[in-house]
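Structure record follows, encoded as structure tokens.
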């Protein structure tokens, strides 16, 4: 029997004046998974997540987080000790010291992580007695992440957790997210880094114009967004019809320009072997064989467009 979603959104609508930020959005987040929420600027992803966190009250629809309604005061209070929230900015007293804020946050939870270990993991040891406003942008990001996870939440919302981080801190953050998942923690991650979503996410929801326009694992989205492609060069005028007969049903092969060939379909080891065998049988020396696979970024751009948005 499938697990109940830790976040369930149905028909969510949120308007700001004449602007509809979220327009009938549906979304499920399953337990012990990393769900990446992607979308261009203004797509509605931040409003959606802030509604789940209880910072925004919906105009229509239902939102349930761990079975509770974050818009109800009693439910919101019950959720505070069960979820962790990393905001992209703010949420920390500007004059407070880093270690002071983190230890205070730990005292609000019954079974917090070891603060000293967390400080070491995220490289915050050298800035523990520095006030928040004097921390670098990367240090502020790492402190916000530590504050979100120190209470051992059941569900954590991470808003752009690696923005402004150097490669070492970025990798440390990725490892922490993986460990949270291994411990059964559910994570909702918003990011503009497609490689981050591909590396970390079990499930990806792409939002545009206030709706989820695609959802699934990175592998399924990349496979469904476009077929894989194999390219090779050889002498011009090969018998493409003969080649097609040797290939699996549903595969396409064309000569794009004289001597340049493209095959699309389910490109795997068997198809590659079939192409090279056909070439050998027909006295063709293939050159420059390359396999191209669509990335999550390719799919994202195909679905949301390539124009810049303000």
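The values are calculated or read from the model by the stated rules, or taken from the named source; none is laboratory data. In this text the structure is predicted, and so the values were computed from the model without any measurement. Note: ideal-geometry Cβ built from the backbone for every residue, glycine included; neighbour counts use all protein chains shown.
Pull up region 115-150, narrow it to residues that are over 18 Å from residue 95 (Cβ atoms) and in contact with a strand residue (DSSP E or B) (Cβ under 6 Å, 6 or more places away or on another chain), then point me to the one that is surrounded by the most Cβ atoms within 10 Å (Cβ to Cβ).
Top of the filtered list is 145.
Return the only residue of 204, 240, 212, 185 being farther than 25 Å from residue 300 by Cα and touching a residue at least 60 places away in the same chain (Cβ under 8 Å).
Of the residues listed, the single one that is farther than 25 Å from residue 300 by Cα and touching a residue at least 60 places away in the same chain (Cβ under 8 Å) is 185.
Is one or more of the residues making up region 49-62 in contact with a strand residue (DSSP E or B) (Cβ under 9 Å, 6 or more places away or on another chain) and closer than 16 Å to residue 206 by Cα?
Yes: one or more hits.
From 169, 209, which residue is surrounded by fewer than 21 Cβ atoms within 10 Å (Cβ to Cβ), closer than 19 Å to residue 22 by Cβ and assigned by TED's automatic domain parsing to the domain that holds residue 34?
Within the list 169, 209, the selection yields 209.
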